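As structure tokens, the structure follows; a few thoughts come after it.
The values are calculated or read from the model by the stated rules, or taken from the named source; none is laboratory data. Computed from a prediction, not measured in an experiment: that's the story for all the values here. Cβ sites come from the backbone with ideal geometry, for glycine too, and all protein chains shown count toward neighbours.
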Amino acid sequence: MKTLVCIKYVPDTSEAEVKVNPDGITVDDSRFSFDINDADNYAVEESVLLKEAHGGEVTVLSMGPKKSEVMIRMALAKGCDKAVRVEDDRVAGHDPLMVAKTLAGAIKGQEFDLVLTGCMASDDWHMSTGVALAEELGVNHASMVNYVEVMDGKVKVHRELEGGLLEAVELELPAVLTIQTGINEPRYAPIRGIRQAQKKELNVVSLDDLGIDPETVGMDASQVVLEKLYIPEVESTAEFIEGEPEEKAEKLASILQKGGLV
Amino acid sequence: MGNVLVLAEHRQGELRDVSFEMLAVAPAIAKDMGGEAVVLLVGSGMDDLAKKMAGYGVKVLVVDDPNFENFNAEKYQKVLSALIDDLKPAVLMTGHTAQGVDFMPALAVEKNLPLAADTIGLAYEDGTLKATRSMYSGKVNAVMAFKPAETYLVTFREGAVEAPEAAAEGSVEKLDNPFTDDVPYRKFVEYVEAEVGDVDITQSDILVAIGRGLKEDKNLPVVEELAAAIKADLAGSRAATDAGWIPHDRQVGTSGKAVKPKLYIAMGISGAFQHLAGMKGAKTIVAINKDPEAPIFTVADYAIVDDLFKVVPKLTEKLKELK
């Protein structure tokens with residue numbers, strides 16, 4: 001079984017202060033810590049689980065800067081076999097359709113059974129790249145997958161719908177699956193794997209290497225323009241309880257008790 | 001003609017909320033673009049649902065065929081591809097839902113049309129359609145301007161706006177099904193209901209909810225003790241479920257449960273919109289989080305910006321004393 005897993009290096013902004021740069025269309029990411037996108041981490045694990053169950057090989061594919069190789073090596077350490085990193089600043093990265101076309105260009109010509117990727121990037125939240133990629137490759141897809149069962153020439157998946165409901169779907173292979181968080185328990189890379197990962201193949205390619213015309217994936221090709229970024233006004237009517245942690249706890253306890261809430 | 005075609009979403013015989021919510025946005029945009037909002041229903045046995053949508057004062061187009069009994073991304077893509085050619089809408093809008101995200105990006109690629117996904121607002125200014133999106137944990141909004149195209153594709157976030165009131169009676173028109181074939185590659189098998197656990201959190205009076213800020217499962221006793229002291233049930237965000245700290249049926253949010261307790265104490269939960277959608281119906285909301293920018297504070301009644309491990313044990317102790 002041949003699997004490709006597409007991963008993205010993203011900033012963790014869950015507890016960080018986010019500031020928009022003077023250009024108005026980028027954020028100051030100099031103080032963010034970066035790591036593998038959460039859902040992609042589950043996709044890596046799923047690809048390794050599939051390899052362990054069915055044999056074959058897993059190729060990591062990522063578009064990103066040199067510093068993202070730490071993340072790629074970690075995926076290799078967990079059991080992926082080789083990797084391709086696409087680096088080319090001519091790709092219109094704000095448009096998932098352009099990213100999908102670039103990834104498809106890196107995959108075309110290779111045989112594969114499955115392409116896995118996270119269902120959503122935690123930085124820009126489009127949830128579009130994987131499904132667009134399937135169309136570019138001309139293969140089946142299912143999004144928001146939280147269960148995968150490979151059968152003869154087919155795959156049965158569960159898609160996560162709203163309200164806790166799941167949808168069981170069967171697809172002919174090859175197919176693209178966008179993986180939802182929680183599908184498995186991502187492993188920690190074993191020490192031996194980390195050592196081996198350093199020796200695994202990691203090719204760095206540009207659009208030219210891939211034979212992709214930059215005109216087809218660049219700012220001119222994209223049909224959407226990122227006009228501006230801004231910090232939304234936050235309206236909070238909350239009563240902020242101040243003081244040392246202990247005082248805060250006491251005040252809150254008293255509010256809850258007096259209000260008959262507990 | 002600048003019609004805005006709104007794909008009404010339904011599942012198991014029920015219209016989804018987002019179908020109505022989109023009607024809070026579509027008519028105004030359509031008017032600015034020189035057209036009208038038109039609802040499209042694709043399914044099997046759509047008469048009742050069509051009538052209900054028409055009750056919002058819009059024209060409803062229906063593709064009614066047993067072939068569409070259950071959602072299938074491949075079939076939806078074929079039908080919508082054909083209808084874009086026939087109807088030439090200025091905008092095609094769907095929910096940014098498990099349905100919308102499953103075919104709209106593929107449709108955009110197939111038709112070479114632009115897509116703005118997870119849109120929370122739309123505006124038509126000086127001949128340009130602009131979509132507002134939310135990024136970076138909800139801390140930044142982005143305005144995406146569409147370049148001129150035959151049809152703009154938009155997926156709209158569920159819960160981003162309030163549904164309008166039902167209005168005058170609209171009309172229903174049946175369309176010929178442009179796609180009667182079966183699809184060979186993708187097959188709907190069945191719906192699988194989530195497992196039911198020992199506690200139904202939709203019925204709880206008090207919920208103590210945990211998120212990523214709990215950090216690891218060995219910290220669970222901190223919150224369990226608080227829950228025990230105030231007879232609360234434990235619930236949590238997607239991160240808490242993914243990490244295995246709480247069972248799936250205790251997940252609050254879009255992909256979990258919508259809850260309405262009289263008290264909801266959110267600890268270490270940043271408050272992604274998917275989570276807020278599930279808990280903003282709580283009567284009183286307390287949020288404890290280290291990050292002063294956390295969106296959870298926008299819905300909180302009482303807020304503490306601090307490390308939960310410094311506050312919660314003391315809170316438990318105090319509440320026990322006050323009993």
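Miscellaneous remarks
- One residue from B:178, B:221, B:184 being more than 22 Å from the chain's Cα centre (by Cα) and assigned to a helix (DSSP H, G or I): B:221
Here's the yes/no breakdown for (1) among the aliphatic types (A, V, I, L, M); (2) over 25 Å from residue B:134 (Cβ atoms); (3) in contact with a helix residue (DSSP H, G or I) (Cβ under 6 Å, 6 or more places away or on another chain):
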{"position": "B:33", "(1), (2), (3)": "yes, no, no"}
{"position": "B:37", "(1), (2), (3)": "yes, no, yes"}
{"position": "B:46", "(1), (2), (3)": "yes, yes, no"}
{"position": "B:66", "(1), (2), (3)": "no, yes, no"}
{"position": "B:70", "(1), (2), (3)": "no, yes, no"}
{"position": "B:99", "(1), (2), (3)": "no, no, no"}
{"position": "B:107", "(1), (2), (3)": "yes, no, yes"}
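- Restricting B:239, B:258 to residues that are in the same structural domain as residue B:309 (by TED's automatic domain parsing) and closer than 22 Å to residue A:39 by Cβ narrows the list to B:239.
- Residue within the range B:278-288 that is touching a residue at least 40 places away in the same chain (Cβ under 8 Å) and either at the interface with chain A (Cβ under 8 Å from one of its Cβ atoms) or in contact with a helix residue (DSSP H, G or I) (Cβ under 8 Å, 6 or more places away or on another chain) (or both) present: no
- Given (1) facing chain A (nearest Cβ under 8 Å); (2) modelled with pLDDT of 95 or more; (3) within 23 Å of residue A:27 (Cβ to Cβ); (4) surrounded by fewer than 24 Cβ atoms within 10 Å (Cβ to Cβ), number of the condition residue B:121 does not satisfy: (1)
- Residue in the range B:53-72 that is in a helix (DSSP H, G or I), modelled with pLDDT of 95 or more and farther than 25 Å from residue A:176 by Cα present: yes
- Residues (crowded, with 20+ Cβ neighbours inside 10 Å and assigned to a loop (DSSP other than H, G, I, E, B)) located in the range B:268-292: B:268, B:269, B:270, B:271, B:272, B:282, B:291
- Unmet requirement for residue B:234, which otherwise passes all of (1) within 13 Å of chain A (Cβ to nearest Cβ); (2) not in a helix (DSSP H, G or I): (1)
- Of the residues making up the range A:161-182, one or more are within 10 Å of another protein chain (Cβ to nearest Cβ), crowded, with 24+ Cβ neighbours inside 10 Å, in a loop (DSSP other than H, G, I, E, B) and of a type in the set (Val, Ile, Thr).
- The residue of the range B:55-73 that is farthest from residue B:181 (Cα to Cα), among those that are within 23 Å of the chain's Cα centre (by Cα) and surrounded by fewer than 20 Cβ atoms within 10 Å (Cβ to Cβ), is B:55.
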